[in-house]
Amino acid sequence: MNLAQQNRRIAWRLWWAAALPALLVLLVLALGLVERHRRDVTAAWQQRAVASAHQLAASSAFALFADNREAMERLVEATRASDAQLLGVALYGPDQRLRGLSGLVRITPAMLTDHDLVTVGADDIVVVAPVRQHMVTGDDWFGPVGEAAVAAGAPLGHVVLRLDLSGLQRDRRAFWGWALALAVLALAVAAVLAYRIAASVTQPLAHISDVVLRIGQGDLTARAQPRRRGILEPLGEGVNAMADAVASHQAQLEQRVQDATQELRRQKDEAERLVRVDLLTGLATRRAFTEQAQAEVLRAHRYGEPLALIMFDLDHFKAINDSHGHAVGDMVLAGFGRVLAAELRQVDAIARLGGEEFVALMPRCDVAAARQAAERVRAVAEQQRLQHHGHSVVLTVSAGVALLDPRDAGWETLLARADAALYEAKRGGRNRVVVALPPAAPPPGPRV
Ligand SMILES: Nc1nc2c(ncn2[C@@H]2O[C@H](COP(=O)(O)OP(=O)(O)OP(=O)(O)O)[C@@H](O)[C@H]2O)c(=O)[nH]1
């Protein structure tokens, strides 16, 4: 179920919650009113019918007493003519025989009792009322029937009235119509009010639900708008506060991740730098030099250019360490690194291979120039005087020079020849430069 459907369901429930009590109250009120009205009107019509019957009874008492049939006929006719709602009027004598009739009445002899009898039908009211003796004045006491009746204490006769109820039914229908119209109107008002009540809850709820959904989908800028929060203001504020907290937490996390990434990158760069740069001298390490030397050897072979390599080794460096300490030894190494950097060209690749061994690769440089450069370095190093605790440290350096031969497969061969020349320099008394001979020609192949 999506959000819109859910909101509609909540709206309907709230609508019913607000409208149902109103509907029930309206229904009970309408039914009560109608019933009350029906009873009141019926009672009024009954009273009216009974009053008319009593009036006729009083008027007809003498005629009954005198058994004057003509008078009785006139009386019933006149009575019926006086009221358009009378469907029938009848007079019965004490012997329960009909004395006068106008219109239509339907009764049984059992209904002629000594008290009023009212029968309410669907369309009519029938009233049967006895005619009493006291309704006749004293002077009128004569006649055989009247005398007999008086003697027996029985009624002088009965009047019967039948009243038309169709007018009442019309009134009732009209009343129902009004009640229905009022109920519909009240219902419409209740429906509108219920809708507004439900909307006052569902609209803010829908807005806040939408905001929560967007936050859940990662939109941390989503906020419940003040004018759309309505009566759910505290909930909207709570959601906004939660979104603020989540956004701030996320920003902190992102910052931490960014910081950690930068730190990792810095450490990686530093590690790479340590691998490629010798900390003591600032020169390239063996690893960095190897990469550069391989490239230079390939280039020299490709273009047929000369490539020279000088290997330096400090003389009696162990003795410097032993007599002045390791820290002074380090200073001597760093100082020699500076000499190399100052005396050789920028295009030359200079590195500390390890310990007190240094190397310089010189592109487009023939053996004479390389030897000259090695001599220059040796001479400058010899003149360096490092002062330490009143003693000056004397440094000499030996060097082996080799030139790349077209038969050299890689720089390691070149280095090996320079190393051999360096060994010769050491063997020859140190503080000197020895140039390596080109590699020996391969022995001639067998003659065919
Ligand atoms: N201070 C310092 N000494 C180092 C470093 N690396 C190597 N050494 C020392 O350099 C010395 C090299 O000694 P050896 O290989 O005998 O060479 P040497 O004393 O120079 O003798 P020759 O090369 O034959 O003249 C050793 O005592 C190593 O401990 C370093 O980074 N700093």
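With respect to being in contact with a strand residue (DSSP E or B) (Cβ under 7 Å, 6 or more places away or on another chain) and under 16 Å from G282 (Cβ atoms), A399 falls outside the description. Among residues of region 382-411 being among the β-branched types (V, I, T) and touching a residue at least 40 places away in the same chain (Cβ under 8 Å), the one that is nearest to I310 (Cα to Cα) is V401. For region 95-107, the criterion of being in a helix (DSSP H, G or I) and aliphatic (A, V, I, L, M) is satisfied by no residue at all. Quick one: which of V275, V332, V328 is away from the ligand (no atom under 16 Å from the Cβ) and in a helix (DSSP H, G or I)? Result of the check over V275, V332, V328: V275.
Residue by residue, here is whether (1) of a type in the set (D, E, K, R); (2) open to solvent by 50 Å² or more (accessible area, probe 1.4 Å); (3) more than 18 Å from A300 (Cα to Cα) holds:
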| residue | (1), (2), (3) |
| --- | --- |
| A368 | no, yes, no |
| Q372 | no, yes, yes |
| A379 | no, no, yes |
| E382 | yes, yes, yes |
| G400 | no, no, yes |
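Looking at region 369-421, the strands (runs of 3 or more DSSP E) lying wholly inside it that each contain 1 or more residues that are assigned by TED's automatic domain parsing to the domain that holds K318 and at pLDDT below 95 sit at 385-388, 391-394. Give region 346-366 a look and list any residue that's more than 16 Å from the ligand (Cβ to nearest atom), open to solvent by 50 Å² or more (accessible area, probe 1.4 Å) and in contact (Cβ under 8 Å) with a residue 12 or more places away in the chain, or say none. Those that are more than 16 Å from the ligand (Cβ to nearest atom), open to solvent by 50 Å² or more (accessible area, probe 1.4 Å) and in contact (Cβ under 8 Å) with a residue 12 or more places away in the chain: V347, R364, D366.
Taken together, the criteria place G93 among residues that are small (G, A, S) and more than 23 Å from L165 (Cβ to Cβ).
Listed here are the residues, each with its yes/no results for (1) assigned to a helix (DSSP H, G or I); (2) open to solvent by less than 50 Å² (accessible area, probe 1.4 Å); (3) in contact (Cβ under 8 Å) with a residue 40 or more places away in the chain.
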{"position": "R8", "(1), (2), (3)": "yes, no, no"}
{"position": "L14", "(1), (2), (3)": "yes, no, yes"}
{"position": "A19", "(1), (2), (3)": "yes, yes, yes"}
{"position": "L31", "(1), (2), (3)": "yes, no, no"}
{"position": "R36", "(1), (2), (3)": "yes, no, no"}
{"position": "D40", "(1), (2), (3)": "yes, no, no"}
{"position": "A43", "(1), (2), (3)": "yes, yes, no"}
{"position": "S52", "(1), (2), (3)": "yes, yes, yes"}
{"position": "L75", "(1), (2), (3)": "yes, yes, no"}
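Picking from residues in region 278-296 that are out of contact with any strand residue (DSSP E or B) (no Cβ under 8 Å at 6 or more places or on another chain), open to solvent by 70 Å² or more (accessible area, probe 1.4 Å) and closer than 21 Å to A416 by Cα, the one that is nearest to the ligand (Cβ to nearest atom) is R287.
Of the residues making up region 297-320, those that are surrounded by fewer than 19 Cβ atoms within 10 Å (Cβ to Cβ) and either closer than 17 Å to L414 by Cα or of a type in the set (G, A, S) (or both) are L298, R299, H301, R302, G304, E305, P306, A319. Here L340 fulfils each of the conditions (1) more than 16 Å from the ligand (Cβ to nearest atom); (2) surrounded by 14 or more Cβ atoms within 10 Å (Cβ to Cβ); (3) in a helix (DSSP H, G or I) apart from (1).
The condition (being buried (at least 18 other Cβ atoms within 10 Å of the Cβ) and away from the ligand (no atom under 16 Å from the Cβ)) is satisfied by just one residue among L414, L422: L414. Test H115 against the stated conditions and say whether it is open to solvent by 30 Å² or more (accessible area, probe 1.4 Å), modelled with pLDDT of 85 or more and within 27 Å of V41 (Cα to Cα). Yes: the conditions hold for H115.
The values are calculated or read from the model by the stated rules, or taken from the named source; none is laboratory data. Please read all numbers here as calculations on a predicted model, not as lab measurements. Positions of Cβ are backbone-derived with ideal geometry, glycine not excepted, and every protein chain shown enters the neighbour counts. For the accessible areas, the whole protein counts, side chains as well, though only heavy atoms, and no ligand, DNA or RNA atoms are used. Shrake-Rupley method; radii C 1.70, N 1.55, O 1.52, S 1.80 Å.
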